[in-house]
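Participant: The structure is given below, and queries will be raised subsequently.
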Amino acid sequence: MTEQVVNASNEWDPLQEVIVGVADHSCFPFEPRIVVENTVPARYWDEHRPHNPFPEEIVAKACEQLDNFAKVLTDLGITVRRPKVVDFSSLETPGYTASMVRDAITVAQDRIIEAPYSWRSRNHESLAYEDLFKHYEAQGAKVYRRPPPPADVDALLGPGERHREYVINDNRPAFDAADFIRLDKTIIGQLSNTTNRSGVKHLEKCLEGTGIEVVLVESLDSHAFHIDATITPLREGLLIYNPTYITVEELQKVERLKGWKFIPAPFPKPREYPPFFMSSAWLIMNILVIDPKRAIIEAEDDHLADLLLEHGITPIRVPFQYVHSLGGSFHCTTVDIRRDHSTSA
Ligand code: ARG
């Protein structure tokens with residue numbers, strides 16, 4: 001059998017190739033106020049102005065930390081590719097970043113699926129990824145590019161069916177890929193402030209023929225966006241969960257998780273600086289599993305390090321706090337392209 005260059009269907013088999021985001025020219029995403037208020041911390045709402053770059057010092061340090069993270073991965077023998085640098089501050093409509101690649105792209109078997117983002121500030125983000133899409137297509141992968149952004153950018157916010165109190169309606173398919181976690185033939189996802197039911201249907205269409213099923217869980221978080229600070233599988237049979245975002249009962253409803261052990265994540269230490277402009281301190285959970293015995297975690301997350309060691313997982317500590325300021329940690333800033341599934345069931 002010829003080896004597929006793109007082949008990643010879970011979050012823990014040995015990682016062989018990965019995309020690591022780039023932070024250059026990242027800006028506060030400018031979205032309608034109601035979207036901002038439903039997704040990001042209140043103290044930074046006013047920063048979400050058109051073409052407002054994140055502070056220069058933070059972006060410079062985030063770039064350094066991402067480069068260092070990429071080097072750590074390369075030194076582990078993993079092939080690393082990076083998106084193209086795009087100047088998000090000078091696009092005709094305001095943009096955000098190409099650092100949070102997990103929001104944008106998911107991989108299932110040999111398919112690369114680009115998210116039909118709900119945020120208008122992500123409308124130009126594909127510019128950063130198109131070269132990678134072409135590269136992988138040339139290697140035999142199937143790429144499902146996002147549908148063209150709708151002319152009516154407000155369609156998702158007008159009247160229409162809403163799920164719970166989330167800000168978007170169901171007028172067109174919308175999801176961010178980070179609202180989904182892959183466990184081989186099951187993908188666990190959530191409806192959120194950026195993912196709606198037709199978005200889930202769109203994902204299911206892209207998965208047709210793979211035998212992969214999407215199962216939804218309910219978040220406890222009214223500001224829910226992105227599931228990768230809620231559940232983190234560490235290996236077959238073991239995951240950590242965020243007790244403030246999801247209940248064990250909710251996880252127990254998922255057939256694929258029958259017999260799994262669920263460990264509550266340690267509460268994160270509060271932090272003033274560098275600021276969490278876009279998320280909570282629960283990014284502590286947003287780790288990158290290298291293989292069932294090793295995971296990359298933030299250098300200062302001692303409690304998490306101890307917890308992983310207790311479960312036979314060696315933490316690899318990498319500094320990443322400036323990247324957190326832009327909205328995510330190791331999981332958010334990566335897309336697994338290939339994991340070695342040959343040894344798993
Ligand atoms: N919404 C989560 C929180 O604030 C953070 C999720 C970040 N994930 C991402 N893929 N950008 O706790």
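The values are calculated or read from the model by the stated rules, or taken from the named source; none is laboratory data. Owing to the predicted nature of the structure, the values given are computational and were not obtained by experimental measurement. Don't worry about glycine lacking a Cβ; one is built from the backbone with ideal geometry, like all the others, and counts go over all protein chains shown. Heads up: the accessible areas ignore ligands, DNA and RNA and are worked out on the full protein's heavy atoms, side chains in. Shrake-Rupley method; radii C 1.70, N 1.55, O 1.52, S 1.80 Å.
Participant: Once you place label points 7 Å from the Cα toward the Cβ at His51 and Trp260, how far apart are they in nm?
Facilitator: My value for the distance between the label points is 4.5 nm.
Participant: Only Lys, Arg, Asp and Glu count, each charged at its Cβ (+1, +1, -1, -1), so figure out the dipole size of the chain about its Cα centre, rounded to 20 debye.
Facilitator: Values: 36 positive and 51 negative charges, 102 e Å.
Its charge dipole is roughly 480 debye.
Participant: Counting other Cβ atoms within 10 Å of each Cβ, which GluC sites (Glu not before Pro) in region 1-49 have at most 16 and sit in a DSSP loop?
Facilitator: Glu3
Participant: Something else about it: Within region 198-239, which residues have the backbone N less than 18 Å from the label spot 7 Å out from Val248 along Cα→beta-carbon, could you tell me?
Facilitator: 218, 220, 230-234, 237-239
Participant: Further question: Considering only Tyr245, Ala224, Pro150, whose Cα is most displaced toward the positive end of the charge dipole of the chain, charges sitting on Cβ of Lys, Arg (+1) and Asp, Glu (-1)?
Facilitator: Result: Pro150.
Participant: Sticking with this structure for a sec: Less than 20 Å from a label point 7 Å out along the Cα-to-Cβ axis of Glu37: which backbone N atoms in region 216-256 qualify, by residue?
Facilitator: Backbone N within reach: 221-225.
Participant: Over the chain, what number does the Rg to Rh ratio reach, with both radii from the alpha-carbon atoms and Rh per Kirkwood? Before the final figure, lay out the partial values.
Facilitator: Numbers: Rg = 18.5 Å, Rh = 20.0 Å.
Answer for the chain: 0.92.
Participant: By average Cβ neighbour count within 10 Å, what is the ranking of 174-183, 117-126, 327-336 from highest down?
Facilitator: Highest to lowest by the protection proxy: 327-336, 174-183, 117-126.
Participant: Relative contact order (percent) for the chain, with alpha-carbon contacts under 8 angstrom and 6 or more residues of separation?
Facilitator: 24 percent
Participant: Give Lys71/Lys293; Lys61/Lys293; Lys201/Lys258; Lys205/Lys261; Lys201/Lys253 a once-over and call out the pairs whose C-alpha atoms are over 23 Å from each other.
Facilitator: Exceeds cut-off: Lys61/Lys293; Lys201/Lys258; Lys205/Lys261.
Participant: Ordered by residue, what ³J(HN,Hα) values in Hz, to whole numbers, does region 175-189 give under the Karplus form 6.51 cos²θ - 1.76 cosθ + 1.60, where θ = phi - 60° and Gly and Pro are x?
Facilitator: Running phi through 6.51 cos²θ - 1.76 cosθ + 1.60 with θ = phi - 60° gives 7, 10, 4, 6, 7, 9, 10, 9, 10, 6, 7, 10, 10, 8, x Hz.
Participant: Tell me which residues come under 5 Å, amide H to amide H, from Ala295 once H is placed; ignore anything under 5 positions away on its chain.
Facilitator: HN-HN under 5 Å from Ala295: Ile290, Thr314, Ile316.
Participant: Add -39500 (n - 2.57) for each DSSP H run of 4 or more in the chain, then divide by its residues: what number comes out at 222 nm, to the nearest 500 deg cm²/dmol?
Facilitator: -6000 deg cm²/dmol
Participant: Multiply the residue gap between Thr74 and His341 by 0.36 nm, knock off their C-alpha separation, and tell me the result in nm, one decimal place.
Facilitator: Between Thr74 and His341, full extension yields an extra 94.1 nm.
Participant: Given all pairs of different Cα atoms, what value in angstroms does the Kirkwood hydrodynamic radius of region 145-291 take?
Facilitator: 16.5 Å
Participant: Then there is this: Answer with one residue from Thr93, Gly189, Leu307: the one whose Cα lies farthest towards the positive end of the charge dipole of the chain, charges on Cβ with Lys, Arg +1 and Asp, Glu -1.
Facilitator: Result: Gly189, furthest along the dipole toward the positive end.
Participant: Follow-up. Can you give me the distance in nm between label points at Asp302 and Arg271, each placed 7 Å from the Cα along the Cα-to-Cβ direction?
Facilitator: Reported label-point gap for Asp302 and Arg271 is 1.5 nm.
Participant: Oh, and also: Mean-square fluctuation check for the chain, GNM, Cα pairs under 10 Å: which of Asp291, Asp228, Asp75 is largest?
Facilitator: Highest fluctuation among the options: Asp75.
Participant: Something else about it: Roughly speaking, to the nearest percent, how much of the chain's 1.4 Å accessible area is carbon and sulfur?
Facilitator: Reported share for carbon and sulfur atoms: 53 percent.
Participant: Still on this structure: Mean separation of Cα pairs under 8 Å and 6+ residues apart, divided by the residue count of region 111-219: what relative contact order is that in percent? All intermediate terms of the calculation are to be shown ahead of the outcome.
Facilitator: On the way: 154 pairs, mean separation 28.2, N = 109.
Over region 111-219, the number comes to 26 percent.
Participant: Still on this structure, please answer the following. Can you list the aspartates and glutamates whose alpha carbon sits under 18 Å from that of Lys185, skipping same-chain ones fewer than 8 residues off?
Facilitator: In chain and number order, the partners are Glu11, Asp13, Asp110, Glu204, Glu208, Glu213, Glu236, Glu255, Asp336, Asp340.
Participant: Now for a different question. In region 1-25, whose amide N lies under 16 Å from the spot 7 Å out along Cα-to-Cβ of Lys185? List them in ranges.
Facilitator: Only 9-10 fall inside the zone, counting backbone N under 16 Å.
Participant: Using only alpha carbon pairs under 8 Å that are at least six residues apart, calculate the relative contact order of region 52-196 and give it in whole percent.
Facilitator: 20 percent
Participant: Accessible area per residue of region 15-339 at 1.4 Å probe, in Å²?
Facilitator: On a per-residue basis, region 15-339 sits at 38 Å².
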